[in-house]
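**Q** Following this message is one structure expressed as structure tokens.
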Amino acid sequence: MKHAFYLAILAAILITAGCGKEDTPCPNGFIGEDCDIPVAPTFITITRLTVSGWPMTRPNGSGWDANGTGPDIQLVILAEGTGQTLHTSGVADNVATNAPRTITGSWRLSPGQQNIAVFIYDDDELLGRELITAAAYPAWSATTGRPATISFTREGTLYVLDVLYEQ
Ligand SMILES: [Ca+2]
Ligand SMILES: [Ca+2]
């Protein structure tokens, strides 16, 4: 009986020991003896977005812009699910190529929000805003952990985001 009692104490110590073997701190965002238990961040902040490779014409082959000039690119970052707009960029008129375009700032998701969506628009002055393409992605998940840079491709468009995580 006494033996079982000491085993229980030992188990409790091992469970509460928390971070890393031999008191070595775990990398940011992980806990556990083997530092393999991810912890969801409280705040996620996007600091940079780069997009490239979006379609330069509509699916039917016609140009985005009614006047024959290149698309007038506007980027919008949303919190997926809530629809909270994190950022709406200015409009870059008559963009000639789909080479990388970068915007920087500090755009923070609400606590507990983890998924971002990026919309790429053509914002004609005459015809209003027209969606070119869009994609959503988890800025954090238990499997992706807390990468400083997130990169993903959807329908040929490459999205690269720099991300900060706070507990
Ligand atoms: Ca248009
Ligand atoms: Ca244009």
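Laboratory data are not the source of any read-out in this text; all were calculated from the coordinates shown. Keep in mind that this is a model prediction, so the values were computed, not measured. No Cβ is skipped: glycine too gets one built from the backbone with ideal geometry, and neighbour counts run over all protein chains shown.
**Q** Report, by residue number, each residue of the stretch 54-67 that is surrounded by fewer than 17 Cβ atoms within 10 Å (Cβ to Cβ) and either more than 11 Å from ligand 1 (Cβ to nearest atom) or in a strand (DSSP E or B) (or both).
**A** Selection gives Pro55, Met56, Thr57, Pro59, Asn60, Gly61, Gly63.
**Q** Does Val91 satisfy the condition of being within 20 Å of the chain's Cα centre (by Cα), under 14 Å from Tyr121 (Cβ atoms) and aliphatic (A, V, I, L, M)? It would help to see each step written out before you state the result.
**A** On the way: within 20 Å of the chain's Cα centre (by Cα): no; under 14 Å from Tyr121 (Cβ atoms): yes; aliphatic (A, V, I, L, M): yes.
It is false that Val91 is within 20 Å of the chain's Cα centre (by Cα), under 14 Å from Tyr121 (Cβ atoms) and aliphatic (A, V, I, L, M).
**Q** Filtering the stretch 88-104 down to residues that are without any contact (Cβ under 8 Å) to a residue 24 or more places away in the chain and either part of a strand (DSSP E or B) or touching a His at 6+ places or on another chain (Cβ under 6 Å) (or both), which residue is surrounded by the most Cβ atoms within 10 Å (Cβ to Cβ)?
**A** This residue is Ala92.
**Q** Further, regarding this structure: Taking the stretch 119-143 as the search range and keeping residues that are under 28 Å from Asn67 (Cβ atoms), in contact (Cβ under 8 Å) with a residue 12 or more places away in the chain and exposed (fewer than 13 other Cβ atoms within 10 Å of the Cβ), which one is farthest from the chain's Cα centre (by Cα)?
**A** Among them, the one singled out is Leu126.
**Q** What tally of residues in the stretch 105-118 results from selecting those that are free of Cβ contacts under 8 Å to residues at least 60 places away in the same chain and within 17 Å of Leu158 (Cβ to Cβ)?
**A** At the first step, the residues of the stretch 105-118 found to be free of Cβ contacts under 8 Å to residues at least 60 places away in the same chain are 105, 110, 115, 117.
Restricting the remaining residues to those that are within 17 Å of Leu158 (Cβ to Cβ) gives 117.
So the count comes out to 1.
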